[in-house]
Amino acid sequence: MSGCSGHAVVSEGMPSVVPVPESIVPGDGHVAISHEMNVFIMSDAEGIDYAVGELARLARRIFGDRLDISCSRVSAPDSDDLSMVLPESAGKERCRLMFAVDPSLSPSSYRLEIAPDGIGIYGGDAAGCFYAVQTLRQIVPAEAYSGKRISYVDLPVMTVFDGPDMQYRGLMLDVARHFFTVDEVKEVLDIMAMHKLNIFHWHLTDDQGWRIEIDRYPELTRIGSVRKRTIIGKDPGGEYDETTMYDETPHGGYYTKDQIREIVAYAAARFITVIPEVEFPGHAVAALASYPWLSCTGEQYEVRQTWDIDDRVFCIGKESTFGFMEDVLSEVMELFPSEYIHIGGDECPDKMWMSCPDCRRRIQEENLPSFRALQGYGVARLGAFLESHGRHLIGWDEILEAGVTPMSVVMSWRGAEGGIRAANQGNRVIMCPTEYCYFDYYQSEDIENEPLAWGGLITLDKAYSFDPYAGLDSDVSSNILGVQANLWTEYISDIEGVEYMLLPRLAALAETGWSTGRKDWADFRQRMSSLVNLYDIYGLSYADYAQNED
Ligand code: ACM
Ligand code: ZN
């Protein structure tokens with residue numbers, strides 16, 4: 001390859017890739033990725049341009065202003081053989097890359113051919129091509145990102161085949177306890193893309209803040225998005241009293257509809273679906289503070305300033321509560337094209353319902369066996385409403401206690417038991433048990449030297465040891481849609497804190513979701529070096545991953 005003068009970076013040996021690919025087949029020789037590159041695009045698949053753009057952004061990171069990239073569309077060959085069929089004149093003196101969709105590959109899968117005459121990126125669809133570029137990002141040696149004036153990166157010839165084991169590879173971010181800006185949410189989406197995750201579960205409402213603009217109910221954001229102060233540190237006695245320490249700075253923020261559309265589009269470009277969560281019937285104080293008629297008593301509450309479970313929940317007896325929720329969900333569905341809408345359902349005490357005449361009447365009229373069953377009644381109504389709009393409900397595993405509709409998806413967080421029960425009865429399940437997936441827990445036993453966390457301990461090896469199929473009969477394992485990491489933010493108030501709590505445990509979760517059957521802890525620890533290099537290159541903060549012993 002000519003035109004390659006100046007500093008070169010040469011890579012030897014097999015690369016380290018996380019999540020581990022299905023196979024990496026070594027070949028003979030090397031190919032140079034030069035700062036002068038021709039990219040040929042042999043596909044019109046939706047999203048392919050963004051995958052190509054991702055390659056261009058990667059190349060710019062390496063070559064900076066020296067990058068001279070030319071992209072052109074070429075037509076597909078008549079035969080099935082897609083391998084590097086480029087016109088003779090296709091810039092042989094420059095480095096050549098080709099993007100194509102190969103129908104023999106499944107969706108999101110890819111074949112990355114690093115061949116002597118160029119690089120072929122073949123995806124089952126555009127998402128597959130995008131994931132191939134993420135793999136290439138890890139194959140390029142760290143030295144190439146040093147910012148020195150390099151002319152080319154020499155890579156060993158190889159073919160990588162890969163594809164995800166699980167269709168749902170999620171991350172939940174709580175923006176209610178602490179608000180994160182649009183740019184910060186985008187950064188989280190970039191981190192997800194780097195780890196080949198594809199579902200962003202956005203926890204938008206809770207006792208301590210309502211974060212989504214709803215036209216019909218402006219008080220939700222005018223009043224519900226701001227709490228006037230916030231508890232700091234841990235409450236020493238387990239109860240909040242005059243000794244509890246507060247940060248007296250009001251905390252608030254919400255996303256306008258335009259900002260939400262911007263984030264949904266930003267995620268979609270990265271092949272990430274955003275699933276919104278609007279909490280019902282518990283974790284509702286910010287909504288009740290905005291519209292007191294939503295509660296059992298009609299009292300005027302304040303947006304909550306402390307953490308944990310609150311007795312003040314939506315009234316299930318009043319019809320107006322359902323009018324409100326259906327209006328809110330209608331606006332939510334307009335903003336989010338996702339198949340699933342999350343309605344929360346966790347940690348809902350029934351204390352208020354017991355002394356509410358409307359709730360008591362509802363029990364009688366509907367012949368419900370208990371106050372607890374009011375939750376099932378409410379969730380079933382919202383599930384039917386979502387179904388009538390072609391969507392499906394997701395709820396935390398408490399929704400099982402009061403009965404769920406067959407199409408509802410159960411998010412198993414209080415261990416795997418709820419998920420197993422749901423899968424056995426034919427419901428689809430997302431596994432995110434606290435024991436392995438709650439990344440708001442400490443990641444080291446040395447908690448003196450860790451930022452304040454909720455409690456619990458999930459070291460990297462613990463996160464890695466998560467088996468989402470444990471305890472399941474094989475005939476129902478197909479009901480497990482996938483896995484998710486959950487990041488609650490009571491004690492995480494800035495984006496560096498988000499990065500630190502996610503990384504590197506998100507890599508363990510990603511490998512569980514993508515390479516479920518190929519996990520090997522010792523091998524993963526070795527391979528993590530390339531991903532950690534990327535964390536450094538992109539300036540991300542992360543916990544010391546070497547501290548976990550075998
Ligand atoms: C939850 O952690 N309350 C779902
Ligand atoms: Zn009530």
Just tell me which lysines come within less than 30 Å, Cα to Cα, of Lys519; anything on the same chain fewer than 8 places away is out. Lys186, Lys196, Lys462
In whole Hz and in residue order, list the ³J(HN,Hα) couplings for region 444-454 that follow from phi through the Karplus curve 6.51 cos²θ - 1.76 cosθ + 1.60, θ = phi - 60°; x for Gly and Pro. 9, 5, 7, 5, 4, 9, 10, x, 3, 10, 5
Stokes-Einstein at 4 °C, 1.567 mPa s, Kirkwood radius from Cα pairs: D for region 285-388 in µm² s⁻¹? 89 µm²/s
Go through region 17-28 residue by residue and turn each phi into a ³J(HN,Hα) via Karplus (6.51, -1.76, 1.60, θ = phi - 60°); whole Hz please, and just put x for glycine and proline. 10, 10, x, 5, x, 4, 7, 10, 9, x, x, 9
Let me know the charge dipole size of the chain about its Cα centre in debye, to the nearest 20, where only the beta-carbon of Lys, Arg (+1) and Asp, Glu (-1) is charged. 800 debye
Can you tell me which of 121-131, 165-175, 441-451 comes out highest on packing, and rank the rest after it, using the mean Cβ neighbours within 10 Å? 121-131, 165-175, 441-451
Once the Cα gyration tensor of region 364-482 is diagonalised, semi-axes √(5λ) in Å: 32, 18, 12
Selection from Val429, Ala59, Leu487 lying farthest towards where the dipole of the chain points positive, charges on Cβ: Ala59
Could you give the size of the charge dipole of region 279-354 about its Cα centre, using +1 on the Cβ of each K and R and -1 on the Cβ of each D and E, expressed in debye and rounded to the nearest 20? 240 debye
Ranking Val285, Val157, Val264 by Cβ neighbours within 10 Å, fewest first, what do you get? Val157, Val264, Val285
Dividing the helical contributions, -39500 (n - 2.57) per DSSP H run of n ≥ 4, by the residues of the chain yields a 222 nm value, nearest 500 deg cm²/dmol, of -9000 deg cm²/dmol
Spelling out what I want: for every residue of region 35-49, take phi, set θ = phi - 60°, compute 6.51 cos²θ - 1.76 cosθ + 1.60 (Karplus), and round to whole Hz; glycine and proline get x. 6, 10, 10, 10, 10, 10, 10, 10, 6, 10, 4, 4, x, 5, 5
Kirkwood-Stokes translational diffusion coefficient of region 432-509, alpha-carbon pairs, 4 °C, 1.567 mPa s, µm²/s: 98 µm²/s
Taking only C-alpha pairs under 8 Å that are 6+ residues apart, what is the relative contact order of the chain in percent? 14 percent
Once Lys and Arg get +1 and Asp and Glu get -1 on their Cβ, which of Ser370, Tyr340, Ser355 lies farthest toward the positive end of the dipole of region 338-377? Ser355
Output the relative contact order of region 385-509, whole-number percent, from Cα pairs under 8 angstrom with separation of 6+ residues. 22 percent
Provide the gained length on full extension for the span Glu347 to Glu366, in nm with one decimal, where the gain is 0.36 nm per separating residue minus the Cα-Cα distance. 4.5 nm
Quick one: order Cys315, Cys356 by neighbouring beta-carbon count within 10 Å, fewest to most. Cys356, Cys315
Counting only residues 5 or more places away or on other chains, whose amide H sits under 5 Å from the amide H of Ser146 once H atoms are built in the peptide plane? none
Cα centre as origin, Lys/Arg/Asp/Glu Cβ charges: region 148-291 dipole, Debye: 540 debye
Report, by chain and number, residues whose modeled amide H sits under 5 Å from the one on Val10, excluding near sequence neighbours (fewer than 5 apart, same chain). Asp154
15 Å cut-off, amide nitrogen to a point 7 angstrom out along Asp473 Cα→Cβ, residues in region 408-424: 420-424
Which of Trp488, Trp293, Trp202 has the fewest other C-beta atoms within 10 Å, and how do the rest follow up to the most? Trp293, Trp488, Trp202
Mind checking which lysines have their C-alpha under 30 Å from Lys318, skipping anything on the same chain fewer than 8 residues away? Lys228, Lys257, Lys351
Amide H contacts under 5 Å for Val157, restricted to residues at least 5 apart in sequence or on another chain and with H modeled in the peptide plane, are Gly27, Gly29, His30, Val31
For the chain, the convex hull over Cα atoms projects on average to an area in nm² of 27.0 nm²
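The numbers here are math on the coordinates, done by the rules we state, and not lab data. Just so you know, these numbers come straight off a predicted model, no measurement behind them. Here Cβ is always computed from backbone atoms with ideal geometry, including for glycine, and neighbour counts include all displayed protein chains.
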